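Peer 1: Got a structure for you, questions after.
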Amino acid sequence: MRKWTSWALFACFVALLVPTHASAQVTGAIFTTLPDGSEVNYNIYQDKYDVYLNGGPGPRAPDGAAGLPDGTYVFQVTDPSGKVLLSTDAIQCRQFDVVGGNITGAGGPCPHLTGTSGNGGIPVQLMPYNDTPNPGREYKVWAELLSNYLLSCSNLAAVDCSARGTKHGFKPSLSKTDNYKVGSLPLEIDTRFFADYNGNGYKDSDEPWIDGLQITWHDTLGASNIKWSYLDLNLDINHEAHVEAVEAGTHVIDVYNQVGCTITNVFLNGSALRTKGPQSVNVQVKNNLLSGTLRVDVACQ
């Protein structure tokens, strides 16, 4: 029988100390709402105190859509670039629980205020946080499983964490993000799907938009969120999966085959892309673009 060397024993001991993580696709979505769980036009709020974090399958997701994985999460508010942490209380105060795919309220020793039940969950107030330095008055909210956060930062009594490869302790690849504004005009990326009945790859007037289809949005930092196409004329949402208050830089919209849509042509701001079928669409947002709509349109067979 071979004897273990002291070096081998040391290496084995070190391996036991190093946490491992096998990242899986994060289902569901986070989004902001009013205290009663209702949505706001263009994700534009009148006051910072009005903004609550909600989460689950996502607004207008079809029946059976996956929600957030159950567990305890932490959250933060930053400027859109993720460089400036705006949340002012300790991370242990910024916890919430997910049960059955939906947020069920705030947690930790100093929990945030909660709203009334809406969209199948209980929203959690984001305040306290500072005003954003962003000239468009944009904010970004992040959510990550507490177990993932602890892989980078173990001091939950701290407000900030400077772990390398993170944004204040939140690893973009393991985080859900969403953007919102307090005042000002919107800048958004809207994705629409249409039924290409005649198979020519272009939308004709008699071909309808399709609701209930999913995209994945990756922000400029590499964090992601899931959105669904739907119609709500009261919110000026016209058969689209909408991403609001986007920051300058390159955003990526993943479009993929799903029930009700086998993708043929994909259009960006009215121009057909060379690549056909499922793909990741790079959407450039320029620094001088403060309001308006950038569009990704998808032909479905």
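Taken together, the values in this text are just the output of simple stated rules run on the coordinates, not laboratory data. Predicted, not measured: the structure shown is a model, and the values here were computed from it. Here the Cβ positions follow ideal geometry from the backbone for every residue, glycine too, while neighbour counts run over all protein chains shown.
Peer 1: Non-local amide H neighbours of PHE193 (under 5 Å, H modeled in plane, Pro and chain starts lacking H): which ones?
Peer 2: Excluding prolines and chain starts, which carry no amide H, the hits are ILE210, VAL298.
Peer 1: Next question. Suppose every Lys and Arg Cβ carries +1 and every Asp and Glu Cβ carries -1, with no other charges. What dipole size does the chain come out with about its Cα centre, to the nearest 20 debye?
Peer 2: 1420 debye
Peer 1: A follow-up question, please. On full extension of the chain, what length is gained from ASN282 through ASP232, given 0.36 nm per residue of separation minus the C-alpha to C-alpha distance?
Peer 2: 15.4 nm
Peer 1: So if I place +1 on the C-beta of Lys and Arg and -1 on the C-beta of Asp and Glu, and nothing else carries charge, what would the dipole magnitude of region 176-296 be about its Cα centre? I want it in debye, nearest 20.
Peer 2: 400 debye
Peer 1: Still on this structure, I have one more. Determine, from the Cβ-Cβ distance of LEU113 and ASN41 and an R0 of 25 Å, the FRET efficiency 1/(1 + (r/R0)^6), rounded to the nearest 0.05.
Peer 2: 0.60
Peer 1: Can you compute the charge dipole magnitude of region 106-210 about its Cα centre, using +1 on each Lys and Arg Cβ and -1 on each Asp and Glu Cβ, nothing else charged? Give it in debye, rounded to the nearest 20.
Peer 2: Its charge dipole is roughly 560 debye.
Peer 1: List every residue whose amide H lies under 5 Å from the amide H of GLY169, counting only residues 5 or more places away in sequence or on a different chain, with H placed 1.01 Å from N in the peptide plane.
Peer 2: The list, which skips near neighbours in sequence, is CYS161, ALA163.
Peer 1: Considering the dipole of the chain built from charges on the beta carbon (Lys and Arg +1, Asp and Glu -1) around the Cα centre, which of LEU150, PHE75, CYS93 is farthest to its positive end?
Peer 2: LEU150
Peer 1: I would also like to ask the following. Read phi for every residue in region 176-183 and hand back ³J(HN,Hα) as whole Hz from Karplus 6.51 cos²θ - 1.76 cosθ + 1.60, θ = phi - 60°, with x for Gly and Pro.
Peer 2: 9, 10, 8, 10, 8, 10, 10, x
Peer 1: From zero outward in steps of 10 Å, how is the percent of C-alpha pairs of region 234-288 spread across the bins?
Peer 2: That works out to 19, 46, 32, 4, in percent per bin.
Peer 1: While we're on this one: Taking every pair of Cα atoms in the chain, average 1/r, invert it to obtain the Kirkwood radius, and report Rg/Rh to two decimals.
Peer 2: Value, to two decimals: 1.03.
Peer 1: Additional query: Please tell me which of these pairs span more than 25 angstrom C-alpha to C-alpha: LYS167/LYS276; LYS48/LYS176; LYS176/LYS276?
Peer 2: Long pairs (Cα-Cα over 25 Å): LYS167/LYS276; LYS176/LYS276.
Peer 1: Per DSSP helix of 4 or more residues, -39500 (n - 2.57); summed, then divided by the residues of the chain. What does that give at 222 nm, rounded to the nearest 500?
Peer 2: The per-residue figure over the chain is -2000 deg cm²/dmol.
Peer 1: Another question, if that's okay. Please list, ordered by chain and number, the residues whose modelled amide H lies under 5 Å from the amide H of ILE44; skip anything fewer than 5 residues away on the same chain.
Peer 2: LYS181
Peer 1: Under a GNM of the chain (C-alpha, springs under 10 Å), which listed residue has the highest mean-square fluctuation: VAL74, VAL99, VAL124?
Peer 2: Checking each option, the largest mean-square fluctuation is seen for VAL99.
Peer 1: For region 186-267, build the convex hull from the C-alpha positions and give me its volume per residue in Å³.
Peer 2: With only Cα atoms used, region 186-267 gives 104 Å³ per residue.
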